[in-house]
Amino acid sequence: MTARGKFAPVMREVRSRVLGKGTLPEAHLYSFSELAEGQQDSQWVQVRGIVRSVSIDRRPGTRWPWR
């Protein structure tokens, strides 16, 4: 099922089942400028940086991605 995202449409599962274990694809490390260009949108990437601030979005309908 698709839904309206904040930037682009997103897919939401209606029903899912575990098929087995797998491995993640190799993540490539890109520079900030390469990522800012948008060419790697929706790709599995690796980033390095320093977290300077964190906040929790408590608006209705938001949730942590791993829940």
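One table, with the values for the structure above:
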{"item": "Condition check for Ser16: open to solvent by less than 80 Å² (accessible area, probe 1.4 Å) and at pLDDT 80 or above", "result": "no"}
{"item": "The stretch 19-67, subset open to solvent by 100 Å² or more (accessible area, probe 1.4 Å) and aromatic (Phe, Trp, Tyr), residue modelled with the highest pLDDT", "result": "Trp44"}
{"item": "Output for the stretch 21-56, where each listed residue is among the charged types (D, E, K, R) and either within 16 Å of the chain's Cα centre (by Cα) or more than 22 Å from Gly5 (Cβ to Cβ) (or both)", "result": "Lys21, Glu26, Glu34, Asp41, Arg48, Arg52"}
{"item": "Residue within the stretch 27-49 that is in a loop (DSSP other than H, G, I, E, B) and touching an Asp or Glu at 6+ places or on another chain (Cβ under 9 Å) present", "result": "yes"}
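The values are calculated or read from the model by the stated rules, or taken from the named source; none is laboratory data. Because the structure is a prediction, the values reported are computed rather than measured. With ideal geometry, Cβ positions are generated from the backbone for all residues, glycine too; neighbour counts draw on all protein chains shown. For the accessible areas, the whole protein counts, side chains as well, though only heavy atoms, and no ligand, DNA or RNA atoms are used. Shrake-Rupley method; radii C 1.70, N 1.55, O 1.52, S 1.80 Å.
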